[in-house]
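*Asks:* One structure, as structure tokens, below. Some questions next.
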Amino acid sequence: MLYQITRPNSRLEGEIKLPASKSISNRVLIINALSYSPYTIGNLSDSDDTRVMEKVLNASTNEFDIGHAGTAMRFLTAFLSKIMGQWTLTGSERMKQRPISILVDALRELGAVIEYAGEEGYPPLKITGTALKGGVLELDGSVSSQYISALLMIAPSIQNGLTLRLKNKITSRPYIELTLKLMKKFGVRYAWKGSEIRIDQQEYKPIRFTVEADWSGASYWYQIAAMSDDFDILLKGLRLQSLQGDAVLAKWFDQYFGIQSKQEGNDVRISRKEKPELKHLDLNFVENPDVAQTFAVLCVAKQIPFHFTGLHTLKIKETDRIAALQNECAKLGAKLTEPQHGEIDWDGMLDERVDASEATIETYHDHRMALAFTPATLVFGKLKIADPMVVTKSYPAFYEDLKKVGFTVQEVSD
């Protein structure tokens with residue numbers, strides 16, 4: 001399937017009900033289950049990842065296929081390792097290429113019984129749930145924060161609790177903080193001093209909980225605003241004082257692109273102030289890797305040279321996101337380089353021989369490729385997006401929301 005997206009001919013104006021935070025939803029589903037809560041979670045994300053997680057937690061079978069949902073694979077591996085029974089956890093072909101040995105090895109140190117049903121170090125997994133015994137685990141802090149969050153969430157239910165000692169620089173620290181803040185809301189006490197996180201054995205307390213709007217989803221509307229001269233957009237359910245680390249992008253868009261954010265009740269209105277003169281953008285995404293594609297495409301569209309660092313985890317996402325950005329930005333005339341592992345760089349030069357309006361953007365089974373490239377139609381006039389419904393992984397209503405503010409979305413033939 002191909003969608004052709006065409007830019008609006010008039011002012012961008014509308015109210016957008018953002019999707020609920022996938023990051024919060026997926027964590028709260030696990031925490032809610034561990035607390036044996038009688039309460040239903042309010043405003044739960046309707047993303048593919050969250051639907052998969054919810055389906056597994058309410059299933060009456062012991063074999064689970066989680067498709068492309070990497071968060072579900074990691075969180076459920078830890079969760080099922082302590083739930084009595086025998087479980088099989090598998091996913092898409094891409095999921096079977098995504099390493100999970102770091103988490104499996106850590107869980108085995110706690111007494112987990114996990115076998116690889118295919119290639120060593122990769123899903124699918126055969127898990128025999130058992131009582132886990134805590135202690136001290138050393139883990140490389142530069143690995144995916146989802147491994148760390150998976151271990152933290154089950155820590156209170158482990159005999160003797162758990163101490164995590166994180167070596168090297170911690171990647172995506174806000175996501176670890178998010179996990180701990182949510183655990184605290186459900187009554188769990190923890191201590192984080194330096195590189196050591198300690199959680200004693202204790203019980204979660206069931207509470208009523210409502211999920212806030214997703215800042216990663218909001219990033220595409222900030223991106224749209226930064227490419228527009230005339231707009232009035234209200235983002236429903238968004239909080240500037242948020243649990244989510246990606247809320248920092250409000251500050252970045254204000255500082256670098258002149259987009260103001262104002263809290264209006266439970267919503268945020270974004271508006272244009274005087275445009276700053278931005279000649280080069282340097283950002284470190286080690287704590288916010290999910291919005292790296294948003295900024296890369298924005299800079300290419302606005303011809304702003306950039307150097308981004310802290311991107312080493314992008315290679316093990318739904319696709320190798322650095323390679324994918326290089327491939328697809330080339331279709332817009334931009335040659336992105338990778339000067340070192342986990343970095344991308346662009347000199348701001350566009351190949352004038354490339355007609356970006358004729359480009360078909362491949363999405364590589366990665367929702368963020370579709371979401372990040374689509375706004376560039378504001379600059380290039382139109383773009384085709386391959387496999388466009390990959391956005392259901394995190395933002396199912398994205399194209400309908402685009403139509404609300406004047407974009408044209410058409411299904412076209414190859």
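The values are calculated or read from the model by the stated rules, or taken from the named source; none is laboratory data. Computed from a predicted model, the values in this text were never measured in an experiment. As a convention, Cβ positions derive from the backbone with ideal geometry for all residues, glycine included, and neighbour counts pool all protein chains shown. Surface accessibility is based on the protein's heavy atoms, side chains included, excluding ligands, DNA and RNA. Shrake-Rupley method; radii C 1.70, N 1.55, O 1.52, S 1.80 Å.
*Asks:* Using θ = phi - 60° and the Karplus curve 6.51 cos²θ - 1.76 cosθ + 1.60, what whole-Hz ³J(HN,Hα) does each residue of the range 135-142 get, with Gly and Pro shown as x?
*Replies:* x, 10, 10, 9, 9, 5, x, 8
*Asks:* On average, how much accessible surface per residue is there in the chain, in Å², for a 1.4 Å probe, leaving out ligands, DNA and RNA?
*Replies:* Solvent-accessible surface per residue comes out at 41 Å².
*Asks:* Hey, can you rank 142-153, 188-199 by average C-beta count inside 10 Å, highest first?
*Replies:* Going from most to least packed, we get 142-153, 188-199.
*Asks:* While we're on this one: Quote the relative contact order of the chain in percent (integer), defining contacts as alpha-carbon pairs under 8 Å separated by 6+ residues.
*Replies:* Computed value for the chain: 21 percent relative contact order.
*Asks:* Which shape class, rounded, prolate or oblate, goes with the chain when its Cα gyration tensor gives a ≥ b ≥ c as root eigenvalues, a/c under 1.5 marks rounded, and past that a/b bigger than b/c marks prolate?
*Replies:* Here the chain falls in the prolate category.
*Asks:* Spelling out what I want: for every residue of the range 347-363, take phi, set θ = phi - 60°, compute 6.51 cos²θ - 1.76 cosθ + 1.60 (Karplus), and round to whole Hz; glycine and proline get x.
*Replies:* 8, x, 8, 9, 6, 5, 6, 8, 9, 4, 5, 9, 6, 10, 8, 7, 10
*Asks:* Roughly speaking, to the nearest percent, how much of the chain's 1.4 Å accessible area is carbon and sulfur?
*Replies:* 44 percent
*Asks:* For the range 261-276, take each phi angle, set θ = phi - 60°, evaluate the Karplus expression 6.51 cos²θ - 1.76 cosθ + 1.60, and give the result in whole Hz per residue in order, putting x for glycine and proline.
*Replies:* 10, 10, 6, 10, x, 8, 10, 10, 9, 10, 8, 8, 10, 4, 5, x
*Asks:* For residue 61 and residue 248, FRET efficiency with R0 = 41 Å and r from the beta-carbon atoms, rounded to 0.05?
*Replies:* Computed FRET efficiency for residue 248 and residue 61: 0.50.
*Asks:* Distance between the C-alpha centers of the range 279-301 and the range 183-198? Whole Å please.
*Replies:* Using only Cα atoms, the two centres lie 31 Å from each other.
*Asks:* In addition: Mind scanning 55/181; 184/403; 236/403; 236/393; 315/335 and naming the pairs with a C-alpha gap bigger than 28 Å?
*Replies:* 184/403
*Asks:* Among 289-298, 245-254, what's the highest-first ranking by average C-beta atoms within 10 angstrom per residue?
*Replies:* Going by the mean number of other Cβ atoms within 10 Å, highest first, we get 289-298, 245-254.
*Asks:* Separate question: Calculate for the chain the 222 nm mean residue ellipticity that helices alone would give, adding -39,500 (n - 2.57) per DSSP H run of length 4 or more and normalising by residue count, nearest 500 deg cm²/dmol.
*Replies:* Calculated from helices alone, the mean residue ellipticity at 222 nm is -8500 deg cm²/dmol.
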